[in-house]
Amino acid sequence: MNLYQAVIIGGGPAGMMGAITLGNHSVKTIILDENESIGGQLVKQTHKFFGDHAHYASTRGFEIAQKLDEEIVKNENIEVENDATVIGIYPNNTVVYIKDGQEHKIQAKKILIATGAMEKQLPFINSDLPGVYGAGAVQTLMNEYGIMPGKRFLIIGSGNIGLILAYQLIQAGVEVRAIVEALGKVGGYEVHANKVKRLGVPILLNHTIVRAIGDESVEGAVIAKIDDKFQTIPGTEREMVVDTIAISVGLTPLTELAEQAGCKVEFIPELGGYVPIRDERMRTTNPDVFIAGDLSSIEEATTAMIEGKIAALEMARDINGSDTKEEIEEELRTLALFRSGPKSVKIRSGLEKMGIKISIPTKPIINEKKEDVIGKLRAVLECDEEIPCNSCEASCPFGAIHIGENLNSTPVLDAEKCTGCGTCVNACPGLAIFMMKENEEESTVTLGIPYELLPLSEKGQKMWGLSKEGNYVCDVTVERVIKYPNKTNIVYAKLPIEFKDTVRHFAFPKKESPIVCRCEEVSLEQIEKVIDSGVTDFEEIKRLTRVTMGPCGGKNCKLVVLGILSRKTGVPISKLSHGTSRPPVKPVEFSVFKKGGDER
Amino acid sequence: MEGRIEEHPILQFKRKKKIKFYFEDREVEAFEGETVAAALHAAGIRVLRHTPNLGRPTGLFCAIGKCSSCLMEIDGIPNVRSCMTKVKEGMRVRRQKGKGDVL
Ligand code: SF4
Ligand code: SF4
Ligand code: FES
């Protein structure tokens with residue numbers, strides 16, 4: 001039997017980081033991984049990661065995997081066994097795995113189990129139909145193999161995985177009909193949600209999937225509203241034509257091997273379900289066995305890597321007496337910092353149940369906004385939630401962005417210092433930074449947006465300016481396109497100044513005319529026709545098309561209609577007469593007026 | 001080929017050698033390095049087996065070898081995870097019906 005100092009089961013971010021750390025401390029290590037190459041779930045992540053600059057922030061997941069892999073290849077102490085499926089752990093730290101149809105046995109002084117997690121299933125009628133996939137499965141097919149399993153998607157669950165999947169699907173060129181969320185608020189980070197909302201993907205809160213439709217394969221889905229007890233509200237069911245349903249309602253740790261190794265597990269829902277009990281330094285109840293990554297708590301690749309490192313440092317101490325005390329303390333501090341934001345409340349309370357208390361070094365704060373400088377090309381930061389990320393601060397060559405000691409604090413811009421270079425727009429993993437310059441004399445604004453879609457726009461092209469919810473706002477003209485090696489390009493376009501805080505995405509015009517007035521269902525085309533027939537008075541357009549006359553009273557579309565009129569007539573919006581506002585400003589039942597009033 | 005992404009804003013798919021395999025005696029094209037399940041999806045095939053008791057069609061769920069939803073009969077051997085098995089030239093793949101005979 002082969003003897004090793006350390007065996008790592010699972011070559012994902014936790015296992016890879018663990019191996020590198022062990023190798024660096026002269027520990028002979030072997031990684032056993034079930035796949036053709038290591039990298040775990042990182043290889044299918046095309047988005048840039050949040051986090052600290054020292055921890056691969058602003059780097060795309062698959063590139064992090066490549067970098068770690070390079071380090072592993074260079075390290076003489078690390079051996080990698082791919083296509084190796086571990087089937088059991090036996091007494092005396094014996095690990096048994098199958099490779100090429102053959103059984104292999106190895107023994108190690110210490111074992112690091114980093115088997116990760118698997119997607120939770122969601123039971124609904126026909127949930128076993130082909131075409132209902134775990135979100136991760138769709139990512140694997142799409143981003144690892146370049147194979148698209150469908151054309152029209154419905155995503156269940158608005159956690160980060162669901163949100164990121166929606167964005168990746170659109171990048172790959174297919175349609176996402178909606179994201180359905182059972183709770184009353186979005187599960188994932190706001191910046192990830194905003195990314196998909198402005199591409200026009202609705203996030204339906206308080207909704208659930210009732211059934212999948214189809215005989216052999218998914219052809220549709222029925223969704224419905226639910227009440228606060230998660231019961232579907234009769235009469236709210238509606239059918240959607242989709243061919244693929246992706247489930248992202250959470251992950252659950254894969255504890256089987258840890259249990260075989262004699263590690264005690266406990267049910268801690270905050271951490272993802274059954275998890276092995278372990279101490280702060282990742283040691284389980286079996287002193288020779290350590291865990292890291294999603295197996296220990298469902299979190300992110302960034303925290304998985306830090307946990308892998310901590311486990312490895314402690315293992316190295318056991319194995320060859322390496323002095324790793326200071327390093328461990330440093331990593332524990334970093335980990336605590338990552339977990340100090342409001343989005344980590346669950347993890348913190350889950351860990352507390354296990355007796356691990358996280359002392360937060362400095363509390364994250366909502367930094368106060370500084371005064372803006374109108375008329376200068378500068379960054380606009382739309383990142384108001386406390387998330388573990390400081391890529392913008394780290395990327396700015398001019399020190400114009402401040403976050404502070406705790407990376408969960410929100411970023412603020414010092415517009416005086418900002419030179420308008422655009423570096424932060426390109427670096428931001430949340431795509432939450434835009435560039436802006438008002439051109440007051442011509443009543444326009446130049447807006448720069450991060451753009452990661454195909455085709456890339458070109459100078460002079462006409463595009464649609466879309467709102468934060470993905471609705472048509474106005475036409476825009478592309479001024480310039482800056483390409484970057486990391487593929488987050490910046491597209492600058494000009495639009496009416498009135499829409500500077502509304503437009504946040506540019507899209508190529510579609511054949512189908514967009515609806516401008518949602519209440520009365522009036523399209524852009526209908527409005528343009530009326531204007532083309534010679535009608536240039538807003539009140540007249542209103543009478544002819546019924547725009548702004550629906551229940552919302554024109555709150556959503558009035559300015560958009562004025563924008564169209566302005567574009568057609570060449571008169572700036574500010575110079576147009578915008579009609580009279582009549583009561584009621586909110587929808588009221590007619591019976592109220594019939595009853596008559598009480599004059600005071 | 002159908003179902004395969006050609007152009008992507010972030011990723012580049014470097015495909016290896018083109019090969020052929022058989023699905024229910026029908027010839028299917030694939031690229032070396034793809035899993036059986038992936039190659040079938042590229043060809044628009046999503047039903048991978050029928051369940052033992054109710055005979056319901058099922059397919060992929062996790063695609064990473066964890067859920068056993070994708071079991072197929074590959075080169076005569078039943079209960080093989082098609083999401084973890086690399087497709088090979090001339091391979092014979094069938095939908096698994098029922099539990100599969102123990103060899
Ligand atoms: S645009 Fe350039 S100077 Fe301004 S905040 Fe961003 S990185 Fe800094
Ligand atoms: S604005 Fe800054 S803190 Fe927010 S996601 Fe972007 S880079 Fe991270
Ligand atoms: S799809 Fe889950 S094991 Fe293959």
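The set of residues from region B:44-68 being open to solvent by 40 Å² or more (accessible area, probe 1.4 Å) and facing chain A (nearest Cβ under 7 Å) comprises B:ARG56, B:LYS66. When B:ALA39, B:ALA30 are screened for being more than 7 Å from chain A (Cβ to nearest Cβ), touching a helix residue (DSSP H, G or I) at 6+ places or on another chain (Cβ under 9 Å) and modelled with pLDDT of 95 or more, only B:ALA30 passes. Taken together, the criteria exclude A:LYS346 from residues that are within 30 Å of A:ILE482 (Cβ to Cβ) and in contact (Cβ under 8 Å) with a residue 60 or more places away in the chain.
Taking region A:102-176 and the strands (runs of 3 or more DSSP E) fully enclosed by it, the elements with 3 or more residues that are away from ligand 1 (no atom under 16 Å from the Cβ), buried (at least 24 other Cβ atoms within 10 Å of the Cβ) and of a type outside the set (Ser, Thr, Tyr) are at A:102-113, A:152-156. Candidates in region B:80-103 are the residues that are open to solvent by less than 80 Å² (accessible area, probe 1.4 Å) and not in a loop (DSSP other than H, G, I, E, B); of these, the one that is modelled with the lowest pLDDT is B:GLN96. Among the candidates A:ILE482, A:ILE490, the residue that is under 34 Å from the mean Cα position of the chain (by Cα), closer than 27 Å to A:PRO429 by Cα, hydrophobic (A, V, I, L, M, F, W, C) and open to solvent by 40 Å² or more (accessible area, probe 1.4 Å) is uniquely A:ILE482.
Among residues of region B:46-67 that are under 20 Å from A:ILE147 (Cα atoms) and among the hydroxyl-bearing types (Ser, Thr, Tyr), none has a Cβ under 7 angstrom from a residue that is open to solvent by less than 10 Å² (accessible area, probe 1.4 Å) and within 16 Å of ligand 2 (Cβ to nearest atom) at a sequence gap of 6+ or on a separate chain.
For A:GLY404, state whether it is more than 9 Å from ligand 2 (Cβ to nearest atom), more than 22 Å from A:CYS428 (Cβ to Cβ) and open to solvent by 20 Å² or more (accessible area, probe 1.4 Å). So A:GLY404 fails the test. Checked against the criterion of being loosely packed, with under 14 Cβ neighbours inside 10 Å, small (Gly, Ala, Ser), without any contact (Cβ under 8 Å) to a residue 60 or more places away in the chain and in a loop (DSSP other than H, G, I, E, B), region A:367-380 has no qualifying residue. Is it fair to say A:ASP384 is more than 14 Å from every other protein chain (Cβ to nearest Cβ), open to solvent by 50 Å² or more (accessible area, probe 1.4 Å) and either within 15 Å of ligand 2 (Cβ to nearest atom) or over 25 Å from A:ALA507 (Cβ atoms) (or both)? Against the criterion (more than 14 Å from every other protein chain (Cβ to nearest Cβ), open to solvent by 50 Å² or more (accessible area, probe 1.4 Å) and either within 15 Å of ligand 2 (Cβ to nearest atom) or over 25 Å from A:ALA507 (Cβ atoms) (or both)), A:ASP384 qualifies. The number of residues in region A:456-497 that are out of contact with any Leu (no Cβ under 8 Å at 6 or more places or on another chain), within 25 Å of A:ILE203 (Cα to Cα) and within 14 Å of chain B (Cβ to nearest Cβ) comes to 0.
The values are calculated or read from the model by the stated rules, or taken from the named source; none is laboratory data. Being a predicted model, the structure only gives us computed values, none of them experimental. As a convention, Cβ positions derive from the backbone with ideal geometry for all residues, glycine included, and neighbour counts pool all protein chains shown. In case anyone asks, the SASA skips ligands and DNA or RNA and just uses the protein heavy atoms, side chains included. Shrake-Rupley method; radii C 1.70, N 1.55, O 1.52, S 1.80 Å.
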